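In what follows, a structure is listed as structure tokens, so that the remarks can point back to it.
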Amino acid sequence: MGGKDFGEPGAAGHVPDHGPITAIAAPTVSRGKPVVYPRHQPPQNPPHAVLSTIPSDSHTWNLLFLQLTLEEQGWDVTNLGACVPVHTLVTESAARPPGLIVVSTVNGHGAEEAPALARAVRAAPALARVPLVIGGKLDTEGSSDPDAHPALTEAGFDAVLIGPNAVPRLLALLDSLSQRGHGKAYADALR
């Protein structure tokens, strides 16, 4: 992030500080133009998010995109990486309860594997009310309707973020959580 000095100017690995980034461009387009989202300045004590995949998903590009998006919105992120066992997600999250858990999957097996993940998260007392969201490619058909997977919300996910509005909905959630306080259930944060 801006402001970290990685060596003398001109040295290999030096990253100049060009000041704060004021916006991020999302991979969505409206009327032929990229949609730009405002960047939030990091707070003194940034909220913490845990980012994970389902156990069978080895993709990482989605995790990097989400990590950068969350960080640019002022969040401290623990990215657990690819192929995360459910017990690892629960243990790591319970050790430092976050203000948000984000599960991203693009291998098409989220609708099958994620309900067990949500139930395990909700069974941990420290995580019972932590907002829990999932997004990406949840089935092999590539459904883009957030209501296409009711088993995910029934199992404990507060939101299913898929389709062309996934990133704007995530950003709206982040704004709601920052305005209402972290650690509240997604439904409570949007009231």
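The values are calculated or read from the model by the stated rules, or taken from the named source; none is laboratory data. Just so it is clear, the model here is predicted, and its values are computed rather than measured. Here the Cβ is made from the backbone with ideal geometry for all residues, glycine too, and neighbour counts use every protein chain on show. Side chains are part of the model used for accessible areas, which takes the heavy atoms of the whole protein and leaves out ligands, DNA and RNA. Shrake-Rupley method; radii C 1.70, N 1.55, O 1.52, S 1.80 Å.
The rows are residues; the columns are (1) closer than 17 Å to Val133 by Cα; (2) over 11 Å from the mean Cα position of the chain (by Cα).
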{"residue": "Ser58", "(1), (2)": "no, yes"}
{"residue": "Leu63", "(1), (2)": "yes, no"}
{"residue": "Leu70", "(1), (2)": "yes, no"}
{"residue": "Gly81", "(1), (2)": "yes, yes"}
{"residue": "His87", "(1), (2)": "no, yes"}
Look through region 96-108, keep the residues that are among the small types (Gly, Ala, Ser) and within 15 Å of Leu51 (Cβ to Cβ), and return whichever of them is surrounded by the most Cβ atoms within 10 Å (Cβ to Cβ).
-> Ser104
Selected residue (only one of Ala111, Ala124 is touching a residue at least 12 places away in the same chain (Cβ under 8 Å), in contact with a His (Cβ under 6 Å, 6 or more places away or on another chain) and open to solvent by 10 Å² or more (accessible area, probe 1.4 Å)) | Ala111
Look at Arg119 and say whether it is in a helix (DSSP H, G or I), open to solvent by 20 Å² or more (accessible area, probe 1.4 Å) and either of a type outside the set (Lys, Arg) or at pLDDT below 95 (or both).
-> no
So which residues in region 53-85 are open to solvent by less than 60 Å² (accessible area, probe 1.4 Å), aliphatic (A, V, I, L, M) and either farther than 19 Å from Asp139 by Cα or touching a residue at least 40 places away in the same chain (Cβ under 8 Å) (or both), if there are any at all?
-> Ile54, Leu63, Leu66, Leu70, Val77, Leu80
Look through region 143-182, keep the residues that are open to solvent by less than 40 Å² (accessible area, probe 1.4 Å) and over 23 Å from Pro47 (Cβ atoms), and return whichever of them is modelled with the lowest pLDDT.
-> Ser143
Counted residues in region 86-95 being in contact (Cβ under 8 Å) with a residue 40 or more places away in the chain and either open to solvent by 40 Å² or more (accessible area, probe 1.4 Å) or assigned to a loop (DSSP other than H, G, I, E, B) (or both) come to 1
